[in-house]
1. Considering the range 282-308 alone, what residues qualify as being surrounded by fewer than 20 Cβ atoms within 10 Å (Cβ to Cβ), more than 19 Å from ARG256 (Cα to Cα) and either touching a helix residue (DSSP H, G or I) at 6+ places or on another chain (Cβ under 7 Å) or at pLDDT 95 or above (or both)?
2. Considering the range 423-463 alone, what residues qualify as being basic (Lys, Arg) and surrounded by 13 or more Cβ atoms within 10 Å (Cβ to Cβ)?
3. Tell me whether the range 228-239 contains one or more residues that are within 22 Å of ILE338 (Cα to Cα), assigned by TED's automatic domain parsing to the domain that holds TRP114 and in contact with a strand residue (DSSP E or B) (Cβ under 9 Å, 6 or more places away or on another chain).
4. Could you list, in sequence order, the residues of the range 32-51 that are surrounded by 13 or more Cβ atoms within 10 Å (Cβ to Cβ) and of a type in the set (Phe, Trp, Tyr)?
5. Would you mention how many residues in the range 335-352 are in contact with a Ser or Thr (Cβ under 9 Å, 6 or more places away or on another chain) and touching a residue at least 40 places away in the same chain (Cβ under 8 Å)?
6. With VAL83, VAL45 as the choices, which residue is under 22 Å from the mean Cα position of the chain (by Cα), at pLDDT 85 or above and more than 30 Å from LEU145 (Cα to Cα)?
7. For the range 426-479, which residues satisfy the criterion of being assigned to a loop (DSSP other than H, G, I, E, B), more than 42 Å from the chain's Cα centre (by Cα) and of a type in the set (D, E, K, R)?
8. What number goes with the only condition from (1) loosely packed, with under 15 Cβ neighbours inside 10 Å; (2) aliphatic (A, V, I, L, M); (3) assigned to a loop (DSSP other than H, G, I, E, B) that ILE417 does not pass?
Amino acid sequence: MNQARVPRVTEKAIPLKEVVISLYEAQEKIYPRSIFGYFTKWRWVMVWLTQLFFYGVPWLEWGQRQALLFDLDTKRFYVFKLVLYPQDLIYLTAILIISALSLFLFTAIAGRLWCGYTCPQTVYTEIFLWIERKIEGDRATRQKLDESSISAKKLFKKIGKHLAWIAFALWTGFTFVGYFTPIRELFSDFTHFSVGPWDTFWVLFYGFATYGNAGFLREQVCKYMCPYARFQSAMFDDDTLVVTYDEARGEPRGGRSRKLEASKELGSCIDCSLCVQVCPTGIDIRKGLQYECIGCGACADVCDTVMDKMGYERGLVKYSTQNAVNNNWSRQQMLQRIFRPRVLIYTAALTLLITGLLVSLWVRTPFRVNVVRDRGVMGRIAEDGMLENVYRMQIMNATENTQHYQLSVSGIKDLQIELEHTEANKIITVKPAESRWVVVDLEIPDGSLRPGSHKILFEIKSVEDKETVLEKSIFLVPR
């Protein structure tokens with residue numbers, strides 16, 4: 001059976017066009033509009049409080065030293081009255097855990113208040129924007145300036161703005177380093193051009209970070225670099241206080257004259273887009289809660305001014321909870337939902353940690369002692385025929401005064417103590433906030449103890465404070 005031949009069809013090659021698909025949306029520069037209102041005032045109050053603390057505390061003195069100093073050269077941390085050593089790392093760990101739990105607690109109750117009011121990125125961005133407004137003008141003026149061609153006026157304003165930014169950023173970097181190097185000495189070194197290379201590096205590094213983050217990156221840090229924005233939703237629930245838009249009242253939105261009242265056909269939102277223009281991250285709060293929202297309340301302030309002009313009731317955009325908006329709860333009903341299980345758990349854990357930290361600091365001994373056996377000398381016969389063990393004892397004075405410590409050792413009969421380079425009566429002198437190593441020789445008559453290790457107890461007593469520290473060790477008798 002013959003098969004029918006199928007003619008071959010030759011297709012011409014179709015040229016392929018190269019198509020470039022961008023995975024990232026081009027970001028337009030955000031020009032936040034200036035606004036005045038209740039939440040804006042509180043934001044500036046927090047700016048002043050945080051910056052007065054940051055720039056002022058390093059210059060405070062406590063006694064004859066800097067009040068707050070993390071001195072890395074001497075490995076001592078001065079926190080007003082407290083003097084901490086690297087061995088006191090547990091206190092720093094406790095403070096970090098308390099800070100994290102506090103952030104969780106505040107987030108569960110009131111959303112991203114930290115981001116909107118006290119986060120350094122928000123605070124410095126607000127300061128840099130204020131400098132920009134003072135030099136370049138308001139939002140519309142800045143937009144026109146950026147769109148205009150290069151001119152002497154534009155260069156003058158741009159250069160002036162950046163010089164002001166750089167000066168402020170360098171002062172910020174200098175202050176930051178002043179928490180780790182005595183700031184008065186650092187200032188003297190800079191004025192005499194004798195500052196060290198590492199101090200110079202960190203001043204420039206932190207200054208550059210401030211200049212770049214607050215001057216250029218701004219909202220990009222909050223949206224893409226900050227991890228808190230990503231995991232905040234795990235701490236949110238329907239009773240968390242956030243900036244919300246009352247959709248039932250505002251929709252359908254639309255423009256109208258001031259004489260036209262809100263009705264079923266037209267909601268309270270006049271679609272002026274001012275809430276978008278004042279947002280530092282450029283989001284539209286009317287689309288619902290978004291992870292980019294830092295909870296600053298700028299949209300609530302500007303919306304209230306629009307409602308006042310229109311003669312409408314305030315609160316179209318406001319701080320509220322999702323349950324309160326959905327169920328039309330009053331403020332009292334909303335506040336009653338604060339004490340829910342997760343908030344109570346955070347509060348209990350935070351209370352226990354803070355109480356434990358304060359009690360630990362209150363009962364903390366004003367000196368620390370470490371006793372280390374000299375491993376190079378297991379046990380030897382001294383020149384006088386006595387059996388000798390050698391120890392190295394470190395005493396750290398955590399007070400601001402010279403202290404005297406008396407040493408005694410128990411656990412073995414007829415035990416004799418020899419101290420090198422110390423005063424009589426086994427008294428050891430340690431200067432204020434200093435650490436001293438002392439060599440201790442313990443001797444017993446040869447043959448008075450059986451071979452092996454024998455437990456002994458070092459007792460170090462402060463002559464001034466009457467505090468006592470006990471340290472266990474062993475005395476080796478060779479076979």
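The values are calculated or read from the model by the stated rules, or taken from the named source; none is laboratory data. Note that this is a predicted model, so its numbers are computed, not measured. Quick reminder, even Gly has a Cβ in these numbers, built from the backbone with ideal geometry, and neighbours come from all protein chains shown.
1. GLY282, ASP284, TYR291, GLU292
2. Residues satisfying the conditions are LYS426, ARG436, LYS461.
3. For the range 228-239, residues within 22 Å of ILE338 (Cα to Cα), assigned by TED's automatic domain parsing to the domain that holds TRP114 and in contact with a strand residue (DSSP E or B) (Cβ under 9 Å, 6 or more places away or on another chain): present.
4. PHE39, TRP42, TRP44
5. Within the range 335-352, residues that are in contact with a Ser or Thr (Cβ under 9 Å, 6 or more places away or on another chain) and touching a residue at least 40 places away in the same chain (Cβ under 8 Å) number 3.
6. Testing whether each residue is under 22 Å from the mean Cα position of the chain (by Cα), at pLDDT 85 or above and more than 30 Å from LEU145 (Cα to Cα) leaves just VAL45.
7. Result: LYS426, ASP446, ARG450, ARG479.
8. Going through the list (1) loosely packed, with under 15 Cβ neighbours inside 10 Å; (2) aliphatic (A, V, I, L, M); (3) assigned to a loop (DSSP other than H, G, I, E, B), ILE417 breaks only (3).
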